[in-house]
Amino acid sequence: SNSEEAYTAVDDTSRRKVFSRTVLVGTVLWPQIGDESIAKALGIEATAENPVAVIGGGGRTGMEVAQELAKEGLYAVTMTRDGRDPFQIIKLPPDIKSHITHYPDSVNVRQADSLLKALDSVHASAIIFCASASSRGGSAFEVDDEGAGNAAKAALSINARLVLISALAVDKPDSKSYRVTNSLGGNLDKIMDAKLNGENRVRSILNKTMNYIIIRPGPLVSKKMNNGASDIEINQGDTVGGGISRNELAGVTVGALMSGKRGVTVEVYRTSTRTKLQPEFDQYSGMEATADKYVGLFKNVKPDK
């Protein structure tokens with residue numbers, strides 16, 4: 001299962017003020033005091049008053065996303081099913097810890113009203129949906145399908161951008177990746193069907209604003225990779241894919257927010273693992289792209305039709 005949450009950039013006329021505190025240092029943004037111009041140019045609102053909400057913030061991907069937001073000087077608020085703070089006993093560098101807060105109550109994506117209440121109460125400027133089916137959290141159709149739809153409804157209500165973390169090969173039922181993942185059984189049974197339903201809910205609910213980004217990672221590995229965006233390839237069409245680490249996926253997710261793109265669906269994977277999803281597909285789709293920075297990966301992505 002590949003889902004959790006993060007914070008989105010707002011590049012339209014927002015109902016909230018921008019107080020971002022960021023400055024360019026090498027290839028990333030690091031917290032500084034006062035420089036609003038960079039954040040405005042990137043279309044980002046990521047203040048303590050209007051943080052990015054990371055749904056599924058207690059999972060491994062959600063925790064990586066929250067830390068990546070903080071590294072970019074953006075404020076994140078984690079939300080979890082049981083209300084526990086995932087970073088309570090984890091020692092983080094002060095500049096990272098200062099940019100991550102936690103919503104103290106339970107947030108259940110299956111309950112649309114309570115989800116909206118939580119997001120509205122923290123004045124979320126963006127939502128990253130990292131939640132996925134689990135033995136305690138609910139079935140794939142409850143979380144990856146219905147839950148994603150509830151997040152889209154909430155995003156529409158509070159005018160926040162939604163980033164949905166889905167899965168590679170989700171619309172390629174003849175591929176081995178789809179067939180293996182879709183038959184895991186238990187609460188994960190038919191998870192690919194559920195994730196595709198969730199994607200379609202997001203596109204349908206947000207079809208007028210197009211205020212969403214859907215990211216389809218390949219198989220996730222927990223080992224941290226340290227080369228940043230340089231090892232990552234972005235693609236469209238769901239014909240080519242490969243594996244990716246959770247911290248790289250977090251970088252891509254935050255880069256998506258910073259890009260200001262909306263209404264797009266992409267696949268992401270490590271270039272060295274590139275493989276065609278079905279034998280009849282070409283090794284190269286013609287849509288692949290690389291970049292030195294995560295935000296640069298989105299430069300030429302095409303909107304959903």
With all protein chains present and a 1.4 Å probe, the order of Val295, Val65 from largest accessible area down is Val295, Val65
Flagged links, alpha-carbon separation over 31 Å, of Lys91/Lys261; Lys71/Lys190; Lys195/Lys224
Lys91/Lys261; Lys71/Lys190
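If DNA, RNA and ligands are ignored and the probe is 1.4 Å, what is the ranking of Lys91, Lys172, Lys293, Lys224 by accessible area, most exposed first? Could the numbers behind the result be given before it?
Numbers: Lys91 195, Lys172 35, Lys293 80, Lys224 110 Å².
If we order Lys91, Lys172, Lys293, Lys224 from most to least accessible, we get Lys91, Lys224, Lys293, Lys172.
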Going highest first, how would you order 203-212, 119-128 by mean Cβ packing within 10 Å?
119-128, 203-212
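Order Leu168, Leu220 by their accessible area, 1.4 angstrom probe, all chains in place, largest first.
Leu220, Leu168
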By the gyration tensor of its Cα atoms, with a ≥ b ≥ c the square roots of the eigenvalues, what is the shape of the range 84-141: rounded for a/c under 1.5, prolate for a/b over b/c, or oblate?
oblate
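Set the Förster distance to 25 Å, then compute FRET efficiency between Asn300 and Asp113 from the Cβ-Cβ distance, nearest 0.05.
Given R0 = 25 Å and the Cβ-Cβ separation, E is 0.05.
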HN-Hα J in Hz across the range 222-230 - Karplus 6.51, -1.76, 1.60, θ = phi - 60°, x for Gly and Pro:
7, 4, 6, 10, 10, 9, x, 5, 4
Of the accessible area of the range 85-194, computed with a 1.4 Å probe and all protein chains kept, carbon and sulfur make up a percent value of 51 percent
Summing +1 for each Lys or Arg and -1 for each Asp or Glu, what net charge is found among the other residues whose Cβ lies under 10 Å from the Cβ of Glu288?
-1
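Take each of the peptides 148-156, 97-105, 51-59, average the number of other beta-carbon atoms within 10 Å over its residues, and list them starting from the highest. Walk me through the intermediate numbers first.
Working: 148-156: 24.1, 97-105: 17.6, 51-59: 31.8.
Listed from highest to lowest mean packing, they are 51-59, 148-156, 97-105.
The values are calculated or read from the model by the stated rules, or taken from the named source; none is laboratory data. Values in this document were obtained by computation on a predicted structure and should not be read as measured data. With ideal geometry, Cβ positions are generated from the backbone for all residues, glycine too; neighbour counts draw on all protein chains shown. Remember, those area values only see protein heavy atoms, side chains included, never the ligands or the DNA or RNA. Shrake-Rupley method; radii C 1.70, N 1.55, O 1.52, S 1.80 Å.
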